[in-house]
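Below you'll find the structure, written out as structure tokens, and then a few comments.
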Amino acid sequence: MLTVIGAGFPRTGTSSMKAALERLGFGPCHHMFDVGSNPDRARRWAPLAYGDAVPEWDHVFEGFRSAVDWPASFFWRELAARYPEAKVVLTVRDPYAWFASMQTLIANGPARLQAEKLAPEMAGLVESMKITRPLLERMKREGLGSDRPFGEVPDEKDTIAAFERHTATVKESLPPERLLVFDVREGWEPLCRFLGVDVPAGEPFPRLNDSKVMQQSIDRLMQGENIGLPFHPTD
């Protein structure tokens, strides 16, 4: 059963949130990395590419106590209804910085995976991407308002507008006692206060998956190195 639901778009500090929630005892935390690295888990999400599918959420999130990033955050409204006791964290950042990060993600992730020769060790990742591609297309179309081909960067103006609409909709839809609007740069205090747990003494808030590290990690994955997921600054 989920106890924390992330409602933020990808590239809003979701990898840092995953690490933070797991450190605070709300793990394992579901993230797109868990889908990309596990074809079986990807298959659990596949039916949701089509709007008429009836999800078995307990099966989708079996073994997890929290969830952040797409695909989970795309379904934040449904998850909030399914798990009424769960708290919701909307991760946010400057919209223009977010769009620049999304550009980097798309250019160095899906686009490269389609264009370049991949090492045999990446077979599982490629299989997961094939399975989830229809869902990724749906999330891109409905979440970002873009019909551009898979792996192509959407229009900046329209995408930022979609980001801001999403933020406003989440804020308007949930009571303040259930929702935390959170920038990961704020650190432990607001998150721990919201979740009712102690701040980890002497530990900095996790800072994972910045754009430079992501590019370096993908370079190594393309060469067949098994570096693990998510991409980590110390890898």
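From the protein chains alone at 1.4 Å, what is the descending order of accessible area for K87, K171, largest first? Present the calculation step by step, with values, prior to reporting the outcome.
Numbers: K87 65, K171 110 Å².
My answer, sorted largest first, is K171, K87.
May I ask you to compute the full-extension gain from S173 to T3, defined as 0.36 nm times their residue separation minus their alpha-carbon distance, rounded to one decimal in nm? Could you put the intermediate results ahead of the total?
Details: separation 170, 0.36 × 170 = 61.20 nm, distance 1.83 nm.
Using 0.36 nm per residue and subtracting the Cα-Cα distance, I get 59.4 nm.
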For the range 27-74, what's the radius of gyration and Dmax over Cα atoms, in angstrom? 10.1, 30
So, R0 is 22 Å and r is the distance between the beta-carbons of D58 and E22; what FRET efficiency does that work out to, to 0.05? 0.65
Past 29 Å, Cα to Cα, is the threshold; run K130/K171; K87/K130; K87/K140 against it and keep the listed order. K130/K171; K87/K130
Quick one: ranking M17, M129 by accessible area, 1.4 Å probe, largest first, what do you get? M129, M17
List every residue whose amide H lies under 5 Å from the amide H of G6, counting only residues 5 or more places away in sequence or on a different chain, with H placed 1.01 Å from N in the peptide plane. A67, V68, V89
Restricting attention to the range 1-62, which chymotrypsin sites (Phe, Trp or Tyr not before Pro) occupy a DSSP loop and are surrounded by at most 15 other Cβ atoms within 10 Å? Y50
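Ranked from the most accessible area to the least, with a 1.4 Å probe and all protein chains present, what is the order of E142, E22, E177?
Per-residue accessible area, sorted high to low, gives E177, E142, E22.
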For the range 4-20, Karplus-derived ³J(HN,Hα) couplings (6.51, -1.76, 1.60; θ = phi - 60°; whole Hz; x for glycine and proline) come out as 9, 10, x, 10, x, 5, x, 6, 10, x, 5, 5, 4, 5, 4, 5, 5
What is the set of long-range amide H partners of V181 at a cut-off below 5 Å, with H atoms built 1.01 Å from backbone N? L90
Kindly write out, for the range 71-84 in residue order, the coupling ³J(HN,Hα) from the Karplus curve 6.51 cos²θ - 1.76 cosθ + 1.60 (θ = phi - 60°), rounded to whole Hz, with x marking Gly and Pro. x, 4, 5, 5, 9, 4, 5, 5, 5, 4, 6, 6, 10, x
Using a 1.4 Å probe on heavy atoms of the protein chains only, the accessible area for R138 in Å², nearest 10, reads 30 Å²
Given the protein chains as shown and a 1.4 Å probe, how many square angstrom of R65 are accessible, to the nearest 10? 90 Å²
Phi to ³J(HN,Hα) by Karplus 6.51 cos²θ - 1.76 cosθ + 1.60 over the range 43-59, Hz, x for Gly, Pro: 5, 5, 8, 3, x, 6, 5, 10, x, 8, 6, 9, x, 9, 4, 5, 6
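The values are calculated or read from the model by the stated rules, or taken from the named source; none is laboratory data. Everything quoted here is computed from the prediction, not taken from an experiment. Note: ideal-geometry Cβ built from the backbone for every residue, glycine included; neighbour counts use all protein chains shown. When the accessible area is computed, the model is the full protein with side chains, heavy atoms only, and any ligands, DNA or RNA have been set aside. Shrake-Rupley method; radii C 1.70, N 1.55, O 1.52, S 1.80 Å.
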